[in-house]
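Report on the following structure.
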Amino acid sequence: MKNKAEEFVIGLEIHLALNTKSKLFCGCSTNISGVEPNSLCCPTCLGLPGSKPRVNKRAIDFGIMVAKALNCEINPRMFFSRKSYFYPDMPKNFQISQYELPLAKGGYLKISEKKIGIRRIQIEEDPGRLIHVGGDITSAEYVLVDYNRSGIPLLEIVTEPDFTSTGEVKEFLSKLSMILQYLGAYDPKKEASMRIDANISMGGGRVEVKNITGFKAVESALSYEIIRQRNIMRRGGKVVRETRHFDPVSNTTRSLRAKEMEEDYGFILDTDLAEVAIDEKWIKDLENKIPELPDERVRRFVEEYKISERNAKVIVYTDKAFADFFEKCCEIYDKPTQVANWMVTDLLKSLNYNKISIDESEVEPEGFVEILKMIDEGKISGRIGKELVKRYVASGKNPREIVEEEDLTVLRGREELEEVVKKVLKENKNAVEDYRKGNKKAIEFLIGKALAKTGGRADPKLLREILLEFLK
Amino acid sequence: MINKEIVRHVAELARLKLSEEEIEKYSEQFEHILEAFKILDEVDTEDVEPSFHPLEIKNVFREDEVESGLSQEKALLNTKHKEKGYFKGPRIV
């Protein structure tokens, strides 16, 4: 049972790797996955003395676009600041971030009828990647450092503590990730491209959980932390204010030694970097480049294709490629409702089963539409259609070819079906009796049996016709 | 007022190990330094725009283009603390 004292609020700090080609302050490539450690570095991102940062304009552009999409107010003058701390992930002993005058503030993002406030958005450099050797973060003998990641531009988005359930957090993050993908500012496939710190406040205590990477981990981390805090309160204890570290292997959080308070970071403006003045024209030019965003796309799908809002939402919020797939199908096949229904049920189910996204699969709009067309033509039954979707997703083999090769076309020979029906009636005397006693639903059972006997190839309408005749 | 506690805290943030005599000495010196800077408080800045940067330059950017950097070997050249292409460092917490 949940009582009032156990109510909680959650606020997030989300770090997203911006999808630039080069790093924030130097020309090193951001394409770091699968390369040798410390092979994409230069004096600047290694923090060598005398090196100077040079701002990547595209990172600022992306920041402005995201800030606009999240209804934020953009500061006309922004500056970079140095955040001093002594971890080996930042070799110059400070991280270039923002503090006094960040990129933007005061926005919101709407999720199911609720607005989540955005407190601020800032641009900063990613630290290097640490590998803890001989233990975990608190017990390792030493750390190995890879500075390939150091200097990749991050957008830090800080929300108000407006979340009251983990479901809301999930919805918010998926929507945010989707918007950034539409803006081209973010690629979720890049490793560790979304990292989250969460603040959970219950009964007055505020706990910050760090090191949460990606969507799924958020849910585990928050669920664990909420239960942990609730248990403390039920035992009559008090939740202490502290920072905890999420361990994705055990799905638990653990206390970290008290870290520095904000004033201990000794923020100072970075005099190596000039002011960034953002005027109306710059913002307008970028606004013109903002493409149709997910919510608008849902609305357009409902209006233009007359599909249900529910289907439109599922299609758009599955991922961008999935929504593009829908539109491509509609270009070559004039029945959007059919396309939508098949996509949100059978296609999505098969993709999920195979744990792939539409663009990772070999499914093409042409092949998918072929299945629907074959059903329209009466060439195959709906049941075979479902089977074909499964096999198309799993193998990538053209559905029409499968049908030709394996002879899956609808059985139309009335005599052949009559034979099947006769057998079914003989084998299911109970159902026949039920039907005759007035249980008309029994016929569905018999149709099912007959369909199964034909391997799903019979036309159910024809089967019903024959059955009705025989049962008279 | 500067006391030993503040000096200890600042030393810890800067990862400096100070002896008791040094803490004593710096407490006094900190006090003098702050005293000296107090002169700035006497300047009337009522109608003066805040200054964030010594130079009045703005919007100095680089285009988003990849440039070549250092090889792994060169990146690790100046350290003896290395292993399998990584830098070695102390545990962080």
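Residue by residue through segment A:296-315, note down the ones that are touching a residue at least 24 places away in the same chain (Cβ under 8 Å) and under 22 Å from A:L183 (Cα atoms).
A:R297, A:F301, A:A312, A:V314, A:I315
Kindly provide the set of residues from segment B:76-87 that are within 7 Å of chain A (Cβ to nearest Cβ), over 16 Å from A:P127 (Cβ atoms) and surrounded by 15 or more Cβ atoms within 10 Å (Cβ to Cβ), ordered by number.
The answer is B:L76, B:G85.
Based on this model, can you work out whether A:E364 counts as within 23 Å of A:W342 (Cβ to Cβ), free of Cβ contacts under 8 Å to residues at least 12 places away in the same chain and surrounded by fewer than 13 Cβ atoms within 10 Å (Cβ to Cβ)?
When the stated conditions are applied, A:E364 does not pass them.
From A:L451, A:L467, A:L446, which residue is touching a Lys or Arg at 6+ places or on another chain (Cβ under 7 Å), crowded, with 19+ Cβ neighbours inside 10 Å and touching a residue at least 12 places away in the same chain (Cβ under 8 Å)?
Exactly one residue qualifies, and that residue is A:L451.
Can you find a residue that is closer than 30 Å to B:R62 by Cα, at pLDDT below 90 and buried (at least 17 other Cβ atoms within 10 Å of the Cβ) anywhere in segment A:233-249?
No: segment A:233-249 contains no residue that is closer than 30 Å to B:R62 by Cα, at pLDDT below 90 and buried (at least 17 other Cβ atoms within 10 Å of the Cβ).
May I ask you to say which residue of B:E49, B:E56, B:E65, B:E73 is of a type in the set (D, E), facing chain A (nearest Cβ under 10 Å), closer than 24 Å to A:Y99 by Cα and not in a strand (DSSP E or B)?
B:E56 is the lone residue from the list that is of a type in the set (D, E), facing chain A (nearest Cβ under 10 Å), closer than 24 Å to A:Y99 by Cα and not in a strand (DSSP E or B).
Of everything in segment B:1-34 that's of a type in the set (G, A, S) and surrounded by fewer than 14 Cβ atoms within 10 Å (Cβ to Cβ), which residue is farthest from the chain's Cα centre (by Cα)?
The qualifying residue farthest from the chain's Cα centre (by Cα) is B:S19.
What residue, of A:P37, A:P43, is out of contact with any His (no Cβ under 8 Å at 6 or more places or on another chain), part of a loop (DSSP other than H, G, I, E, B), in the same structural domain as A:I179 (by TED's automatic domain parsing) and free of Cβ contacts under 8 Å to residues at least 24 places away in the same chain?
A:P43
Quick one: in segment A:66-91, which of the residues that are part of a loop (DSSP other than H, G, I, E, B) and more than 30 Å from A:I131 (Cβ to Cβ) is nearest to the other protein chains (Cβ to nearest Cβ)?
If we take residues in segment A:66-91 being part of a loop (DSSP other than H, G, I, E, B) and more than 30 Å from A:I131 (Cβ to Cβ), then A:F79 is nearest to the other protein chains (Cβ to nearest Cβ).
I'd like the full set of residues that are more than 13 Å from A:V389 (Cβ to Cβ) and surrounded by fewer than 18 Cβ atoms within 10 Å (Cβ to Cβ), limited to segment A:326-356.
A:E327, A:K328, A:E331, A:I332, A:D334, A:K335, A:T337, A:K355, A:I356
Could you say whether any residue in segment A:102-124 is over 25 Å from the mean Cα position of the chain (by Cα) and within 11 Å of another protein chain (Cβ to nearest Cβ)?
No: segment A:102-124 contains no residue that is over 25 Å from the mean Cα position of the chain (by Cα) and within 11 Å of another protein chain (Cβ to nearest Cβ).
The values are calculated or read from the model by the stated rules, or taken from the named source; none is laboratory data. Note that the coordinates shown come from a computational prediction; the quantities given were computed from them, not determined experimentally. Here the Cβ is made from the backbone with ideal geometry for all residues, glycine too, and neighbour counts use every protein chain on show.
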